[in-house]
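See below for the structure under consideration.
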Amino acid sequence: MASQKLSFALRKFSTSNVAGQMVKPPVQIFGIEGRYATALYSAASKQKSLEAVEKDLLGLQQSLKTDAKFKAFIMNPTIKRSLKSEALKAVSSKVSLKPESANLLQALAENGRLKNLEGVITAFRTIMAAHRGEVVCEVTTAKELDAEQKTKLQGVLKSFLKAGQSILLTTKVDPSIIGGMVVAIGDRYVDMSVASKIKKYSEIISTPV
């Protein structure tokens, strides 16, 4: 029942003030965040406002990182949905968000899904990257890569791409992997970390002969 209500809400959100069927995104993302992001992509595609909506979402994502009060308001489950909805409607008007971006906030607020906002933004950015022919790649290393290492890494990663595609590389530092790297490119995931090798060898050694 809950799934049916969510599907109805997303269809209503995507087709609000816009005629026609859903516009399929260039990449499919699963889960609640993916479904909202897909509905937003469809609505923004029909209004030819994809880039403007992406800019709105980047601004919201930055606010979540830098404005503690805004993040606390978004994440607070004790505030009534109706109050959140009204407050976000006022904020959307004040900062001149595109109607599609404002409708997303309203849909999330009314359905008690504002806690998923950052995940929806990340999913939408992934869809937009695919829309531009970019392949999202996240590389995790134990230490920060220098400029030369990043350049060499991009050269290697480009060999995985198809004609017309470009790499959208982000790097992350996680000392717990000890060494090596973990690469997530598109829908592929490769763990080449020292930590994973240690775990593998530990399991082999501890297995009774």
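The values are calculated or read from the model by the stated rules, or taken from the named source; none is laboratory data. Note that the structure is a prediction, hence the values are computed from the model and not measured. For neighbour counting, all protein chains shown are included, and Cβ atoms are generated from backbone atoms with ideal geometry for every residue, glycine included.
Restricting the search to strands (runs of 3 or more DSSP E) fully inside the stretch 125-209 and requiring at least 3 residues that are closer than 30 Å to Glu51 by Cα and among the basic types (Lys, Arg) gives an empty result.
Checking every residue in the stretch 140-163 against the condition of being of a type in the set (A, V, I, L, M, F, W, C), outside the structural domain of Ile29 (by TED's automatic domain parsing) and in contact (Cβ under 8 Å) with a residue 40 or more places away in the chain gives at least one match. Residues that are without any contact (Cβ under 8 Å) to a residue 24 or more places away in the chain and more than 17 Å from Ala129 (Cβ to Cβ) within the stretch 32-70 comprise Lys48, Gln62, Ser63, Lys65, Thr66, Asp67, Ala68, Lys69, Phe70, listed in sequence order.
Does the stretch 28-37 contain at least one residue that is surrounded by fewer than 20 Cβ atoms within 10 Å (Cβ to Cβ), in a loop (DSSP other than H, G, I, E, B) and at pLDDT below 95? Within the stretch 28-37 (the criterion being surrounded by fewer than 20 Cβ atoms within 10 Å (Cβ to Cβ), in a loop (DSSP other than H, G, I, E, B) and at pLDDT below 95), the answer is yes, since at least one residue qualifies.
Only one of the numbered conditions (1) assigned to a helix (DSSP H, G or I); (2) touching a Pro at 6+ places or on another chain (Cβ under 9 Å); (3) loosely packed, with under 15 Cβ neighbours inside 10 Å is violated by Ser82, and that is (2). Only a single criterion out of (1) closer than 24 Å to Val95 by Cβ; (2) surrounded by 15 or more Cβ atoms within 10 Å (Cβ to Cβ); (3) at pLDDT below 95 is not satisfied by Met75, namely (2).
Could you pull out the residue among Ala123, Ala109 that is in the same structural domain as Pro26 (by TED's automatic domain parsing) and touching a Gly at 6+ places or on another chain (Cβ under 6 Å)?
Values: Ala109 fails: touching a Gly at 6+ places or on another chain (Cβ under 6 Å).
Being in the same structural domain as Pro26 (by TED's automatic domain parsing) and touching a Gly at 6+ places or on another chain (Cβ under 6 Å) holds for just one of Ala123, Ala109, which is Ala123.
I want to confirm something. Restricting to the stretch 159-209 and keeping residues that are polar (S, T, N, Q) and within 17 Å of Glu144 (Cα to Cα), which single residue is surrounded by the fewest Cβ atoms within 10 Å (Cβ to Cβ)? Applying the filter and picking the extreme gives Ser176. Annotation note: of Gly119, Gly112, Gly59, the sole residue that is on the phi > 0 side of the Ramachandran plot and either of a type outside the set (S, T, N, Q) or part of a helix (DSSP H, G or I) (or both) is Gly112.
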